[in-house]
Amino acid sequence: MTTLRERQLNALKQMLNLNQPLTKNVATEPVWKVLIYDRIGQDIISPLISVKDLRELGVTLHVQLHSDRDPIPEVPAVYFCAPSEENLGRICQDLDNGTYDQYHLNFISPISRQKLEDLAASAIQSNSAVNIHKVYDQYLNFICLEDDLFIMKHQQSDSLSYYAINKGDTKDTEMESIMDNIVESLFSVFVTLGNVPIIRSNKGNAAEMVAKKLDKKLRENLWDARNNLFHGNTGQAGSFSFTRPMLILLDRNIDMATPLHHTWTYQALAHDVLDLSLNRAVVPENTATAVPGQKTKTRLCDLDSKDPLWQEHKGSPFPTVAEAIQEDLDKYRSSEAEVKKLKSSMGLDADSDLALSLVSDNTQRLTSAVNSLPQLMEKKRLIDMHTTIATAILNAIKSRRLDSFFELEEKIMSKSSSVESKAVMDLIADPSAGTPEDKMRLFIIYYLCTSQIPDEEYKKFEAALSTANCDIKAMTFMRRLKGFTKMSSQYEGGGTKTVSMFSKLVSQGSSFVMEGVKNLVVKKHKLPVSRAVEAALSSGDSELGWLDPRAARTDAAARSRAAKHPPPTDAVVFVVGGGNYIEYHNLLDFAKQQATNGAPRKIIYGATTLPNASQFLKQLSLLGEEIQ
């Protein structure tokens, strides 16, 4: 069972090996080559392969397609880009100028027949057709951020945002092209997984359109005997061998509160507070005296799967993370102290006779200490990085009082205790709490989760929000949305409980000053997305539509066929209109909980884009502006 991330990485490595299968001797002596990519290619490669790894794969130079490049003779050039008009134009220009001797063209998504013919004609004209060695369709049009998390686009992703899908003046043609892009990307995911899914979707919205188009595309491919991508599984054995995965397509509108929710887990906090994107967080470095008008220094932190602390704690509540970092730091200090002890016992300052007698037994200890140095250095680098990130998050929590927001929102969303509107009002009116954005997020969540808010009370809230400098345009859109969709009030049993204040951290004089931050422990609960997944995977009839590309044409036939087979254990959940890390971790928790109940599941979470709460709020304001 390989993960989606591993399969995408293998495909990329094979591409960099000039599309030859990877063998042992490649690792020892790679062919040197140049890699040329466009923006989309860059976003796909950067979370998976570091510059150092590229070197090891034989890439001496990696450059943007549209930058000025010098001719390099006698070196194969690997192109990895989308088959767009401007990219192809630039490739033809390279052929004209004879920039390289061998061209290996890899297109991220399939190139159309027409464009391929144009490319060939241009190559013949510039007399360089012999130099084009191979042209490949790679079907890699998605960005894999974790083993089980993918998004479609990062740079220039506005065309796929929640705003683009929901704004009033979208033309049908624009909508078609958005849907085609999403389908293209999902198709790539399943080609990479090597399996045809069973498709379930919300009815009557964008998700259903995607489902129908994807079903049609998969059908056409399965009927095309010559180019069937799922038949021989193109060299990689299918990762789901017997059961087919279920693709569950959901629309963002089933749950609008979660994307705006303040959160308490490490990865989601980094996304909300530090603008984590493509697994890279931008952390402001703390300077005691910030000169006005001067840019604050920032440092980039790469968070990858090779980092044990990150792997273990990205879904943990923030206080737990702070404790874990502190523990790591203590371990590191003790091993550093050992090396220092060695020095003094080596008799560097004692009598020479004594020193000689100690040498033999110390040689071994010294060797082991020297051997463990590289690991220690790496450990120190990771501890430093996490300390920087955690301190930055902590400062934000303190200055914006995020713990109070989180606690109150959990109460509102969990419906366990009725929240007085006074509590919400107090937090909004408190000038020391949060930014105007934080208050807006709180109120939208309160508005969505409360069934009826009387008009005069709504007006009071509106006045209080305006006093706090909030941009209340988003409310126009939210009111309209709540008017014609019944928001499922489906947040049950959430909530938090406050535990004794970080006793461990405070007593030991830790590097984190935690005073004044509540130590909240999140109670496990299921968000609407996880609940929809649970309903779809248990064989009961849920409200989702049902399509099976392998079955006969009719819906009923697909259902009766599915009834005979056991329900799938694996699912790919895809949210049209933007996802978030809160739902991702909630699904992971759901899968863990199922595994303990004896039903192991593999769940992959995907979304068109991954906006953080402030970006999502901006899109809502834009939508609100249009209505006014």
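The values are calculated or read from the model by the stated rules, or taken from the named source; none is laboratory data. Since the structure is predicted, the reported quantities are computational estimates derived from the model, not experimental observations. Cβ coordinates were reconstructed from backbone atoms using ideal geometry, including for glycine residues, and neighbour counts include every protein chain displayed. We work out accessible area using only protein heavy atoms, side chains counted, and drop any ligands, DNA or RNA first. Shrake-Rupley method; radii C 1.70, N 1.55, O 1.52, S 1.80 Å.
General observations
- Yes/no for I91 being of a type outside the set (D, E, K, R), assigned to a helix (DSSP H, G or I) and either crowded, with 18+ Cβ neighbours inside 10 Å or within 31 Å of the chain's Cα centre (by Cα) (or both): yes
- Within the stretch 581-614, the set of residues being surrounded by fewer than 18 Cβ atoms within 10 Å (Cβ to Cβ) and in a helix (DSSP H, G or I) comprises D589, K592, Q593, Q594, A595, T596, S614.
- Residue count for the stretch 95-129, restricted to those that are of a type in the set (A, V, I, L, M), at pLDDT 90 or above and assigned to a helix (DSSP H, G or I): 7
- Residue match in the stretch 582-603 (condition: within 17 Å of D255 (Cα to Cα), modelled with pLDDT under 90 and in contact with a Lys or Arg (Cβ under 6 Å, 6 or more places away or on another chain)): no
Listed here are the residues, each with its yes/no results for (1) of a type in the set (S, T, Y); (2) modelled with pLDDT under 85.
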site: T298; (1), (2): yes, yes
site: C301; (1), (2): no, no
site: D307; (1), (2): no, no
site: K314; (1), (2): no, no
site: L356; (1), (2): no, yes
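- Restricting attention to the stretch 451-492 and to residues that are of a type in the set (G, A, S) and modelled with pLDDT under 80, the residue that is least open to solvent (accessible area, probe 1.4 Å) turns out to be S488.
- Check on D101, of a type outside the set (A, V, I, L, M), closer than 27 Å to G606 by Cβ and surrounded by fewer than 17 Cβ atoms within 10 Å (Cβ to Cβ): no
- Number of residues in the stretch 365-411 that are of a type in the set (S, T, Y), in contact with a Leu (Cβ under 8 Å, 6 or more places away or on another chain) and closer than 23 Å to K306 by Cβ equals 1.
- V63 over 24 Å from S277 (Cβ atoms), of a type in the set (V, I, T) and at pLDDT 90 or above: no
- Taken over the stretch 414-436, the criterion of being at pLDDT below 80 and part of a loop (DSSP other than H, G, I, E, B) is satisfied by K415, S416, S417, S418, V419, E420.
- There is no residue in the stretch 88-102 that is aromatic (F, W, Y) and closer than 17 Å to N141 by Cα.
- Among residues of the stretch 456-484 that are of a type in the set (K, R), those with a beta-carbon under 6 Å from a residue that is open to solvent by 50 Å² or more (accessible area, probe 1.4 Å) at least six positions away or on a different chain give the pairs K473/E625.
- Test result for L448, open to solvent by less than 30 Å² (accessible area, probe 1.4 Å), closer than 23 Å to Y266 by Cβ and part of a helix (DSSP H, G or I): no
- Residue in the stretch 148-155 that is in contact with a Phe, Trp or Tyr (Cβ under 6 Å, 6 or more places away or on another chain), outside any loop (DSSP other than H, G, I, E, B), modelled with pLDDT of 90 or more and aliphatic (A, V, I, L, M) present: yes
- Residue check, K439 assigned to a helix (DSSP H, G or I), at pLDDT 90 or above and more than 19 Å from K314 (Cα to Cα): yes
- Yes/no for A562 being assigned to a helix (DSSP H, G or I), at pLDDT below 90 and more than 17 Å from L249 (Cα to Cα): yes
Quick grid of which residues meet (1) open to solvent by less than 40 Å² (accessible area, probe 1.4 Å); (2) of a type in the set (V, I, T); (3) within 20 Å of E86 (Cβ to Cβ); (4) not in a helix (DSSP H, G or I):
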{"site": "L35", "(1), (2), (3), (4)": "yes, no, yes, yes"}
{"site": "D43", "(1), (2), (3), (4)": "yes, no, yes, no"}
{"site": "D70", "(1), (2), (3), (4)": "no, no, no, yes"}
{"site": "P73", "(1), (2), (3), (4)": "no, no, no, yes"}
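- Condition met for V517 (assigned to a loop (DSSP other than H, G, I, E, B), open to solvent by less than 10 Å² (accessible area, probe 1.4 Å), closer than 20 Å to T265 by Cα and modelled with pLDDT under 90): yes
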